[in-house]
Every structure is written in C-alpha cells, then in structure tokens.
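Peer 1: Sharing a structure below in structure tokens format, with a few things to ask.
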Amino acid sequence: MKNTLTVTDNRTGKTYEIGIDDGAIKATDLKQIKISDDDQGLLTYDPGFVNTASCKSSITFIDGEKGILRYRGYPIEQLAEKSTFLEVAYLLIHGEIPSKSELQEWVDGITLHTMVHENIKKFMDGFHHDAHPMGMIVGTLGALSTFYPDAKDIFNPESRKKQIFRLIGKMPTLAALSYKHSLGMPYIYPDNELSYTANFLNMLFKPSPSTRYSPDPVLAKALDVLFILHADHEQNCSTNAMRSVGSSQADPFSAAAAAAAALYGPLHGGANEAVVRMLEEIGTKDRIPEYLEQVHTHKKLLYGFGHRIYKNYDPRAKIIKEMAYKVFEVTGKNPLLDVALELERIALSDDYFISRKLYPNVDFYSGLIYQSMGFPTSMFTVLFSVARMAGWLAQWQEEILDKEQGIARPRQLYTGIPLRNL
Ligand code: ACO
C-alpha cells in the first residue's frame, strides 16, 4: 500500500502525488496546486475546523462513532472508577499515572498554591454584585498574569511547573471567590488539610469563617468524578483557544483566560446551564411534546443533546447519569430529573434526533447534579472550567514543546471587493 494521494486538477489537467501521514495530508502540500505562477495555490476551506487537525497530540483519544474517550490511553470509565482528579490531572500533563511519591509531590505542589494574592480579593470586589461568575473567572485569570511575570518564561520547565501548580491550585479558590462575591458573603480561605474537592466545597459552602462546616464525602467524591470527566476533551473550542493564544507565546494565565472565555459560550461549557434553564422552562412532563415541536421546527435547541464529535452516546453522559442517583441519595431527588428522563426517552426514539445522530452529551445530567448540590446555575460553567484547567495546561505544554507548532494564523478566502479608489 502506498501512503499517498493522487490528485488531478481538472482546471489544468496536472496530477500531483501528496503524502499521507497519520491519516492526514499536509494542507501546505496543496499549495503547489496552481493554475498560474501568480496563483497563491490551493487552500482548504473549513469553517469551524470540522475536518482539519490543528496539531498532533498524544493526550486524549476520542472515537465519536463508537462513543470512546481515553486519556493517555486509559478508558474514561476506568479513570472515573479508580482514580482521583489530581491523579488524572498529573496523567494528562505528564503522560503517566504518578507513582506514590510523584503523586505526593504533585498534590503538595498544588495545595501550596491554593492561596491567591490579597489584591485578587480586592480585584474581585470591583465586580458588580450580580456579575456572572464566569465573567469574573475570565477577568481574574487574565489579571493573575500581572501577578506572576515569571510565567512569561514559558520555555523554562521549572517555570512551567510552577505556573501549572498555581493554575490548578488557584482555580477552586477563584471559583469560590466569585461565588461568595455574588452572594455578598465573606470569602473563605483554602484549607490545606482537605482534599482538592472537599476544600473547594468548604470554600463555597462554609457560611462564614466562624461557622463549622464539613463537606459531605459523597458529594466531594461526586465532584471529583465530575472533574475527571471534564478534565480534557482534545481539541474542543476552549482548548483550541488555549492553544491559539499560547501559540503567540503569551503566558499561560492569559491563554487560560482566553480558554475560559471560549468555555463561557452556551454551545460549549455554557450548555449545562442552558439545560437546567430549558428543563425549568419545560417544567412538567406533559409540556415536553410542545417543547420538542419547537425543536423540530428549529425554533429551539434541545440543550445537552448533540456533539461535534460524538455521534453515539457520549460515554461521560452514562457515568454522570449513574452518579446523579448517588448524589440524589444525599441531597434528595432533583424534581427536574423526571422531566429530564422523560425528555431523553422521547428524544431517543424521535426521528429528528435519530436521523441527525443526536444523543445526550456530558451536560445533559451534570447540571441537575450541580443544582442538587446547591450550586446556582450561573456557577455550572465555572465548575467545568476548574476541571478543564488540567486539560488546557496539558495541551498548552504539549504545544510549547512541539517543534512543528508555530503561531496559529489561519488563512481566509477573501470575498470582498478586489480594489476600489476613493
Ligand atoms: N437540538 C436540536 N437540533 C440540534 C441540536 C440540538 N441540541 N444539535 C444539533 N442539532 C441539529 C442542527 O440544527 C442541524 O440540523 P439541520 O441538519 O436540520 O440543520 C443538525 O442537528 C446538525 O447540527 P450541527 O449544528 O451542524 O452540529 P455540530 O456538530 O456543528 O454542533 C453542537 C454540535 C454545537 C454541540 C450542537 O449539537 C448543539 O448546539 N447542541 C446543543 C448545545 C450543547 O448541548 N452543547 C454542549 C456540547 S458538549 C460540550 O461542549 C461540553
């Protein structure tokens, strides 16, 4: 078998042989296909990067048709069952499951960086009381770059390690600050005696510094599993933003602010918020057909359904659905669960969804869990961003070390007026 592609340009009758590597042709190999010497060469047109690989990556593997998700080769189901979020974050960033001593050093490094500079609290105070917490995360992540000018030293492995500790360590703190700010309640400092997610719950739900509060271990574990499921998802919109900004050699705090901004949108990380709002709008099971009628006529989306890559059940949705029942044992059943289950049942037998291969995605049930745990809907995407920071950093570091990567700068097909004079 020859690993090449033979292309004939019917405009000129010329034939070209183009190499195929890892199942792809190089877009720059098409440049040689020209109709004249001053022609810039053939481009590919791919709005939304539907069929364009922007990088080679050894972090996350997805087979959307088969519903497979693996981090560094390990199936997501096994990681969700047997690992912790911080182990998975290490795996994503370093490529291997940590040994006992590596894990200890990793957890210590992250735990030591959970505090934020006191000025970040003042910065947070500047936001309006009803500012969306995701906007606060985007803003404070960008602001953090000004606190750590050493983060610009991106080719220094020791500096990168420190920024990774800082970003993974500080994300729960920033998220909790944004939440407490929106309530007008006192900020709770990190407690380094607690696990990553127990500390997070403590900073969020401890009513005041003077009140006793013990995070429920079942809820801390559930959040940990949800974080594992959300930790990476190869070249999704926010990761692409992280890599795109990272490609200009900006520091990782600035790149992470861009990634968080991309995650904010309702077609990406904002979908779990949109799912709960949709379920609340539907309200009762008898109103489902009326809602679906509007979906059929393209007036509404069924949020939490469909995925650019998964054209089969999203494997994360299965784990989350099972997790929902464990959480509801502690919190009591979310009244919207019945609407969600019935909506899923009807949609899975509805030709509109079957013919378009639209199945529940990770967000269909995660919002219900978060709501039952006491999070307001505006915090859902923030939770996603805490988890996804691990993936953003793994992808950013891979990019920094990839000799083939340069500044991300796509081409365009100019369709405007060729030339005019004033
Ligand atoms: N509800 C109703 N119709 C849908 C939905 C949906 N959730 N998703 C796709 N469709 C329809 C489209 O209208 C289109 O129909 P048409 O062929 O009649 O025009 C067809 O299915 C194909 O949809 P595309 O938008 O081309 O699919 P794409 O792969 O570009 O979009 C996306 C994927 C953005 C996730 C889409 O499915 C969507 O908007 N889903 C709802 C939002 C959501 O749940 N996002 C979370 C994704 S997971 C994540 O980011 C963590």
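Peer 1: Determine the dipole magnitude for segment 82-162: charges of +1 sit on the beta-carbon of Lys and Arg, -1 on that of Asp and Glu, nothing else is charged, the reference point is the Cα centre, and the result goes in debye to the nearest 20.
Peer 2: 80
Peer 1: Along the charge dipole of the chain, which of VAL362, GLY246, ILE400 sits closest to the positive end, that is, farthest toward it, with unit charges on the beta carbon of Lys, Arg, Asp and Glu (+1, +1, -1, -1)?
Peer 2: GLY246
Peer 1: Within 10 Å of each candidate Cβ there may be at most 15 other Cβ atoms; applying that plus a DSSP loop requirement, which trypsin sites (Lys or Arg not before Pro) in segment 315-422 survive?
Peer 2: Loop-located and lightly packed - LYS333, ARG356, LYS357, LYS403, ARG411, ARG420.
Peer 1: Something else now. Work out how much length LYS122 to THR44 would gain on full extension: take 0.36 nm times their residue separation and subtract the Cα-Cα distance, in nm to one decimal.
Peer 2: That pair, LYS122 and THR44, stretches by 23.3 nm at full extension.
Peer 1: Now a separate question. Take the Cα gyration tensor of segment 120-184, multiply each eigenvalue by 5, square-root it, and list the three semi-axes largest first, rounded to whole angstrom.
Peer 2: After scaling each eigenvalue by five and taking roots: 26, 11, 8 Å.
Peer 1: I'd like to know how segment 60-422 sits against the 2.2 N^0.38 Å rule of thumb: what's its Cα Rg over that expected value?
Peer 2: Compared with the compact-globule rule of thumb, segment 60-422 sits at 1.01.
Peer 1: Can I ask one more? State the percentage of accessible surface on segment 60-422 attributable to carbon and sulfur atoms; use a 1.4 Å probe and exclude ligands, DNA and RNA.
Peer 2: 55
Peer 1: Helix-derived [θ] at 222 nm for the chain: sum -39500 (n - 2.57) over DSSP H runs of at least 4, divide by residue count, nearest 500?
Peer 2: Rounded to the nearest 500, the figure is -16000 deg cm²/dmol.
Peer 1: Once you order the gyration tensor axes a ≥ b ≥ c over the Cα atoms, which shape class does segment 196-326 get: rounded for a/c under 1.5, otherwise prolate or oblate by comparing a/b with b/c?
Peer 2: oblate
Peer 1: What is the sum of charges, Lys and Arg at +1 and Asp and Glu at -1, for the other residues whose Cβ falls under 14 Å from the Cβ of VAL116?
Peer 2: +3
Peer 1: For the pair ARG420 and PHE61, what calculated FRET efficiency results from E = 1/(1 + (r/R0)^6), where r is the Cβ-Cβ distance and R0 = 60 Å, to the nearest 0.05?
Peer 2: 0.75
Peer 1: Enter the angle in degrees (range 0 to 90, nearest 10) between the Cα long axis of helix 252-264 and the first principal axis of the Cα atoms of the chain, meaning the one along which they spread out most.
Peer 2: Helix 252-264 sits roughly 90 degrees off the main axis of the chain.
Peer 1: For ILE320, ILE20, ILE62, give me the order by solvent-accessible area with a 1.4 Å probe, most accessible first, ignoring ligands, DNA and RNA.
Peer 2: Listed by decreasing accessible area, they come as ILE20, ILE62, ILE320.
Peer 1: Now, a different point. Please identify the trypsin sites (Lys or Arg not before Pro) of segment 166-269 that satisfy two criteria: DSSP loop assignment and at most 12 other Cβ atoms within 10 Å. Which are they?
Peer 2: Passing both the DSSP loop test and the Cβ count: ARG212.
Peer 1: In what order, largest first, do HIS296, HIS128 sit by accessible area if the probe radius is 1.4 Å?
Peer 2: Greatest to least solvent exposure: HIS128, HIS296.
Peer 1: A further question follows. Quick one: work out Rg over Rh on the C-alpha atoms of segment 379-422, Rh as Kirkwood radius.
Peer 2: With Rg and the Kirkwood Rh in hand, the quotient comes to 1.33.
Peer 1: OK, next. Under a straight-distance cross-link criterion of Cα-Cα below 30 Å, which lysines are reachable from LYS2, leaving out those fewer than 8 residues away in the same chain?
Peer 2: By straight Cα distance, LYS2 reaches LYS14, LYS26, LYS31, LYS34, LYS56, LYS66, LYS403.
Peer 1: Tell me the per residue accessible area of the chain using a 1.4 Å probe; a whole number in Å² is fine.
Peer 2: So the chain comes to 50 Å² accessible per residue, rounded to a whole number.
Peer 1: In nm, to one decimal, how far is the modelled label at PHE328 from the one at LYS14, with both set 7 Å along Cα→Cβ?
Peer 2: Here the answer is 6.4 nm between the modelled labels.
Peer 1: Now for a separate question. Starting from one equal scatterer on each C-alpha and no solvent at all, send me the Debye-based log10 I(q)/I(0) for segment 4-44 at q = 0.14, 0.18, 0.23, 0.25 Å⁻¹, two decimals.
Peer 2: These q points yield log10 I(q)/I(0) values of -0.30, -0.49, -0.76, -0.88.
Peer 1: Run the accessible area of segment 4-44 with a 1.4 Å probe and give the carbon-and-sulfur part as a rounded percent.
Peer 2: Carbon-and-sulfur percentage of accessible area, whole number: 48.
Peer 1: Please give the charge dipole size of the chain, origin at the Cα centre, charges +1 on K and R Cβ atoms and -1 on D and E Cβ atoms. Round to the nearest 20 debye.
Peer 2: 400
Peer 1: If a/c stays under 1.5 just call it rounded; otherwise compare a/b with b/c (prolate if a/b is bigger, oblate if not). Do that for segment 105-231, with a ≥ b ≥ c from the square roots of the Cα gyration tensor eigenvalues.
Peer 2: The shape class here is oblate.
Peer 1: GluC sites (Glu not before Pro) within segment 1-82: which are DSSP loop residues with at most 12 other Cβ atoms inside 10 Å?
Peer 2: Sparse-neighbourhood loop GluC sites (Glu not before Pro): GLU65.
The values are calculated or read from the model by the stated rules, or taken from the named source; none is laboratory data. Here the structure is a predicted model, which means the values were calculated and not measured. With ideal geometry, Cβ positions are generated from the backbone for all residues, glycine too; neighbour counts draw on all protein chains shown. Remember, those area values only see protein heavy atoms, side chains included, never the ligands or the DNA or RNA. Shrake-Rupley method; radii C 1.70, N 1.55, O 1.52, S 1.80 Å.
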